[in-house]
Amino acid sequence: MSETSNLTSVWQAIASSYRMSLKTTEEINRWELHSPQFLTQSLVGSEFRIGVTTEMKRDWFTGLYAKALEETIRAAGLGDGIKVVFEVIKKEETKKTVEVPPVLPVQTNSEKPAPKAPTPRRARVLPSTLPLLENYTFENFVRGPSNSFAHAAATAVAKGLGRTAYNPLFIWGGTGLGKTHLMEAIGHYVMKHNAEASVCYITSETFLNEYVNALAGAALPAFRARYRKYDLLLIDDVQFIVGKKSFQEEFFNTISSLLMYNKQIVMTCDQAPKELQGGLEDRLISRFQQGMVVEIESPSYETRLAILRSKMQARHRLIQDDILNYIAENIRSHVRAIEGALNRVTTFMDVNPDTPLTIEISKYLLKDMIEEEVTIKSITPEAVINAVAEHYGVTVKDIKAPGRTQALVQPRQVAMFLACKLTTDSLPTIGKAFDRKHTTIFYGSQQIQKRISVEADLKQEIGQIVSKLGRQISDVLE
Ligand code: ADP
Ligand code: MG
């Protein structure tokens, strides 16, 4: 790479090779969310510098991408020993440096200067919206008993924008079950059928970051005005604002104002609104509940099979029924895992075009995923509490009791620590199992975390409990 390279096309090449190397939808989603925030690229000596607007982004993106991008640059033959450095740039600099290339779905970032060209009075997609993933449409969404209610509500909202009582529409459920897909499907539908409507898709994390930036740059009125003019505001993963007190007020005002003007809001969350109690203002929770709350559950066997068939067709593949059945039977946790399994077998087919894919090969390819499924399934906060109670010779009721009896503090905190380490549940869900607030769970867990590295006895004790639960001590050490 030389200093005279056309950096736009170099960056385009790097970004698209990196994008191609990603395997999971989670990674792709993350990249598509983040890369539009890489506002400038410059080459200084052997440093490929990427400009972002805040220190938080600089540190966060460095951890996530610096090494991987260096590797991409090297592998693509663009230069050996090039170091990727994220740097904080001033807002004005975004004008001077290289434009962000259109490798990814075009997105204007709120922190970039407004375009010079006259903008129509009502832009289709106003600034700061994140790109919708192309294939997250209703057509590609497989309906089944686990999601039919959510699907019906989502289609009603999309077809009758601003005219249904489902406002806000609150979609909740575990990770990888299709919440984002369904939410974006509403966005796609509205953009296709309603030329006038302005749509914004954003995660609550980005929303919060923009708010913080607006505060710092005294740009709050503009921030407020912008979010209040959408006809459809899609806010993904609202659980992120739990505990962020000062932001909740702003969030409340934004959604209240939109609702007042009959603008549609759709939110997703990994828990039901009532489970957010403690971490979220009550009035916000009641706002969430005021329209329609729908849950997406884990798909049944039939739905898993239907999803597999649909994804297989989308990829123009033919996989034998016994293999599809095997995947549907064994990968149960969530749809993203089902896709992951399908990816494994199709990759095998690509790499070995002459070897027929058999059930034996599939079993081999999916072995670790299936083992993981078994462990994901089996450990719940309740199982942890039982094991801990048994180990210390106390009852489950003792562990859940509200008091602070000294003798129960350690068993209780150990149970909290293990529930955090060994289950995939969120803190509020774990909190429910203990009849306590999520902050208490966090605190209790931290106490053990601190002690375990210095107290050999405690570590050994915990090791015994962990092995009763079918795991190893290394699973709970950082
Ligand atoms: P969540 O937001 O709930 O974590 P996503 O919406 O990101 O989950 O879905 C994870 C993956 O599973 C996506 O690739 C999505 O397309 C797919 N998916 C989930 N549910 C369905 C469904 N019912 N039909 C087809 N694909 C689905
Ligand atoms: Mg999601």
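The values are calculated or read from the model by the stated rules, or taken from the named source; none is laboratory data. The structure displayed is predicted, hence computed values, not measured ones. In this analysis, Cβ positions are derived from the backbone assuming ideal geometry, glycine residues included, and neighbour counts consider all displayed protein chains. When the accessible area is computed, the model is the full protein with side chains, heavy atoms only, and any ligands, DNA or RNA have been set aside. Shrake-Rupley method; radii C 1.70, N 1.55, O 1.52, S 1.80 Å.
For S21, the solvent-accessible surface computed with a 1.4 Å probe is close to 60 Å², ligands and nucleic acids excluded. What separates the Cα centres of region 293-329 and region 36-62 is a distance of 40 Å.
Extension gain, E478 to F149, is 114.4 nm, computed as 0.36 nm per intervening residue step minus the present C-alpha separation.
Across region 152-164, rounded Karplus estimates of 3J(HN,Hα) from the backbone phi angles (6.51 cos²θ - 1.76 cosθ + 1.60, θ = phi - 60°) give 5, 5, 5, 5, 4, 5, 5, 7, x, 3, x, 10, 9 Hz, Gly and Pro being marked x.
Placing a pseudo-label 7 Å from each Cα along the Cα-to-Cβ vector at D368 and N135 gives an inter-label distance of 2.3 nm. Accessible area of T429 (1.4 Å probe, protein heavy atoms only, ligands and nucleic acids ignored): about 40 Å². Karplus-derived 3J(HN,Hα) values for region 41-55, using 6.51 cos²θ - 1.76 cosθ + 1.60 with θ = phi - 60°, are 10, 8, 10, 10, x, 9, 9, 9, 9, 10, x, 10, 8, 9, 5 Hz; glycine and proline are entered as x. When only the Cβ of Lys, Arg, Asp and Glu is charged (+1, +1, -1, -1), the dipole of the chain relative to its Cα centre reaches about 1420 debye. Assuming a ≥ b ≥ c are the square roots of the Cα gyration tensor eigenvalues, decide whether region 344-416 counts as rounded (a/c under 1.5), prolate (otherwise, with a/b larger than b/c) or oblate. In terms of gyration-tensor shape, prolate.
Taking 0.36 nm per residue of separation and subtracting the current Cα-Cα distance, fully stretching the chain between Y261 and N325 would add 18.2 nm. For the chain, the calculated P(r), taken from all Cα-Cα distances in 10 Å bins from zero up to the bin holding the longest distance, is 4, 17, 23, 27, 21, 8, 1, 0 percent. Annotation for S300 and R404: the two label points, set 7 Å from Cα along the Cα-Cβ direction, are 4.9 nm apart. Derived scalar couplings between HN and Hα for region 441-456 equal 4, 4, 4, x, 5, 4, 4, 5, 3, 5, 6, 4, 7, 10, 10, 4 Hz in order, rounded to whole Hz, by the Karplus curve 6.51 cos²θ - 1.76 cosθ + 1.60 (θ = phi - 60°), x for Gly and Pro. Computed from the Kirkwood radius of its Cα pairs, the Stokes-Einstein diffusion coefficient for region 356-478 at 37 °C and 0.692 mPa s stands at 214 µm²/s. Heavy-atom accessible area, probed at 1.4 angstrom with all protein chains present, ranks T423, T440 as T440, T423, highest first.
Remark: spin-label model distance E382-M191 equals 4.3 nm, labels positioned 7 Å along the Cα→Cβ axis. Applying 0.36 nm per residue to the separation of R315 and I359 and subtracting their alpha-carbon distance, the gain on full extension is 13.9 nm. When region 307-382 is described by a simple charge dipole with +1 on each Lys and Arg Cβ and -1 on each Asp and Glu Cβ, the residue from P381, A328, M312 located farthest towards its positive end is M312.
Ordered from highest to lowest accessible area with the whole protein assembly present and a 1.4 Å probe, M260, M369 read as M260, M369.
Applying 1/(1 + (r/R0)^6) with r as the Cβ-Cβ distance of K83 and T175 and R0 = 45 angstrom yields a FRET efficiency of 0.85. Shape call for region 158-222 from the C-alpha gyration tensor, a ≥ b ≥ c root eigenvalues: rounded (a/c under 1.5), prolate (a/b greater than b/c) or oblate? It is oblate, given that a/c is not under 1.5 and a/b is not larger than b/c.
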